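**Q** If you scroll down you'll find the structure; I have some questions about it.
Each reported figure results from applying straightforward, stated rules to the coordinates on display, with no laboratory input. Keep in mind the model is a prediction, meaning the values are calculated, not measured. Cβ coordinates were reconstructed from backbone atoms using ideal geometry, including for glycine residues, and neighbour counts include every protein chain displayed.
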Amino acid sequence: MGLPRHRDPGQEGTYYVKATKWRPALKVTADGKGVASNVGTRLLAEMADNSGLTDALSEALAPMCKRRRRHDPGRVIADLAVTIASGGDALSHLVALRNQPAVFGAVASVPTAFRVVDAIDDTLLARVRAARAKVRRGVWAAGLNPVTEHGYVTLDFDATLLDAHSDKEQAAPTYKKGFGFFPLGAWLDNTAEALAAILRPGNAGANTASDHVGVLEEALAQLPVVPRGLDPLNGVPMLARADSAGATHDFLNALRAKGIEFSVGADITEAVRLAILDVPKTAWVEAVDQDYELREGAQVAELTDLLDLSGWPAGTRAIVRREEPHAGAHFTLFDPEGWRYQVFLTDSPDDDLAYLEARHRGHARVEDRIRCAKDTGLRNLPFFEFANNAVWVEVVLIAADLIAWTQGLCLTGKLATAEPKALRFMLLQVAGRLVRGGGAVNLRVQEDWPWAADLARAFATLRGLAFAT
């Protein structure tokens, strides 16, 4: 609503705007002292330090130090990850930390940070990944471990398009008529950790099996646990989910070889259409939602005996869900009786079709992970060189992990599940006042800020955690 408008009685048809003081009057000056912004981001910086990530990155990039450096390369990467996690999406945004040494310490300049990124080759990048895996073990030991007696450790695979708005090395036309890149990644559904991702040109294939297998290898290398299929005594049940791009023989064979159960989407081919038409009416069972409550207007049936699945790993099953279309849905020539159909392949022996279908539908959460990653530096690849952008993608994964670790170990309630944009507004980008006294520096957040107490508790919780090394 705008300001109230009133008719001037002396001039017919003329209106004037009545001034109202609905905001307090402010005098703005540039002489403040002891005030800091984005102080909640210090929580992420301490997570990087206390978890051992900063030191692990320093060790991983130690070969870069041919001579004494003012700024350790590992600490530069850690600070860059904190910058990205707090909302920065360009290398220049590192100044948000650099300009506040009282909160974040000595932070490298943008040119120094670029030289570090530019010097990381494939060998050093592999060392960075190994450092992440080492630290993850300690983080899980501190309380983030998602392994339960009956649940699955679930890996979600998916790719996403990134537009390039300028000419960048290996940027290429995409299948959606855009121009840019097509990275493929894997996320741990249990904890929202970003395990692995590879940067690919925009014309990379959606169902390139070698890329899926490569990301699988990198994701497994990040985990402190192994699939039960590889180690029946100490391994854990593990599930891999993907859309139809993951339904390739080589990828599913790789999962089978590692003892990982799969649940992947399948294209509705002519043979699948005919099989759906042959499903007896009595074979359809009610679908359930993620809370295992009945899902109204949706049913599930099995197609395994109606299809030739001999080319897939032994025990592969095909399951179909039919659902009433949502408002505005587009129909195809194949929509018998007005239902919309989705099919997936799984090698689970479980007889509960509704459970298997609901479990597979949980793969949709990977879209949330990707959206959050794009809000955490992935949307913008800031360099021209492909290799530098590949390093940037790895730092984005580190940033996503810092958020996941902080939420999983230090925050509760809505803050523990908030997406990055909301978390930054509520916690990370809050301002505070630095007060020195008694030989210490105190950070004071406005007491009536709704999440001030949550931030203080988060710092106390983090500082009380014991991370294994």
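**Q** Of all chymotrypsin sites (Phe, Trp or Tyr not before Pro) in region 363-469, which ones are in loop regions per DSSP and have a Cβ with at most 13 other Cβ atoms within 10 Å?
**A** F384
**Q** Then there is this: Taking DSSP loops as anything outside H, G, I, E and B, show the longest stretch in the chain free of GluC sites (Glu not before Pro) there with at most 10 other beta carbons within 10 Å.
**A** In short, 294-446.
**Q** Now, a different point. What pairs from K176/K258; K168/K421; K33/K414 go past 30 Å between their alpha carbons?
**A** Among K176/K258; K168/K421; K33/K414, the Cα-Cα distance tops 30 Å for K176/K258; K33/K414.
**Q** If you average the C-alpha positions of region 294-319 and of region 125-140 separately, how far apart do those two centres end up, in angstrom?
**A** Region 294-319 and region 125-140 have Cα centres spaced 38 Å from each other.
**Q** Hey, another quick one. Given axes a ≥ b ≥ c from the Cα gyration tensor, I'd like to know whether region 276-397 is rounded (a/c under 1.5), prolate (a/b larger than b/c) or oblate.
**A** Working: a/c = 2.35, a/b = 1.91, b/c = 1.23.
Since a/c reaches 1.5 and a/b is larger than b/c, the shape of region 276-397 is classed as prolate.
**Q** Determine, for each peptide in 47-58, 114-125, 181-192, the mean count of other beta carbons within 10 angstrom over its residues, then list the peptides with the highest first. Could the numbers behind the result be given before it?
**A** Working: 47-58: 22.1, 114-125: 16.0, 181-192: 23.6.
Answer by packing, highest mean first, reads 181-192, 47-58, 114-125.
**Q** Each residue of region 410-419 in order: what ³J(HN,Hα) in whole Hz does its phi give by Karplus 6.51 cos²θ - 1.76 cosθ + 1.60, θ = phi - 60°, with x for Gly and Pro?
**A** Values, residue by residue: 10, 10, 10, x, 5, 5, 6, 10, 5, 6 Hz.
**Q** Short version: ³J(HN,Hα) in whole Hz for each residue of region 81-89, in order, from phi by Karplus 6.51 cos²θ - 1.76 cosθ + 1.60 (θ = phi - 60°), x for Gly and Pro, what are they?
**A** Running phi through 6.51 cos²θ - 1.76 cosθ + 1.60 with θ = phi - 60° gives 5, 5, 4, 5, 4, 8, x, x, 10 Hz.
**Q** Identify, among A354, S51, Q170, the residue whose Cα sits farthest towards the positive end of the charge dipole of the chain, taking +1 on the Cβ of Lys and Arg and -1 on the Cβ of Asp and Glu, with the dipole about the Cα centre.
**A** Most positive-ward Cα: S51.
**Q** Report, in debye and to the nearest 20, how large the dipole of the chain comes out about its Cα centre when Lys and Arg carry +1 and Asp and Glu carry -1 on their Cβ. Working shown, then result.
**A** Numbers: 52 positive and 58 negative charges, 607 e Å.
Roughly 2920 debye, rounded to the nearest 20.
**Q** Through the Karplus equation 6.51 cos²θ - 1.76 cosθ + 1.60, θ set to phi - 60°, convert the phi angles of region 442-449 into ³J(HN,Hα) values in whole Hz; use x for Gly and Pro.
**A** 9, 9, 10, 9, 3, 5, 8, 5
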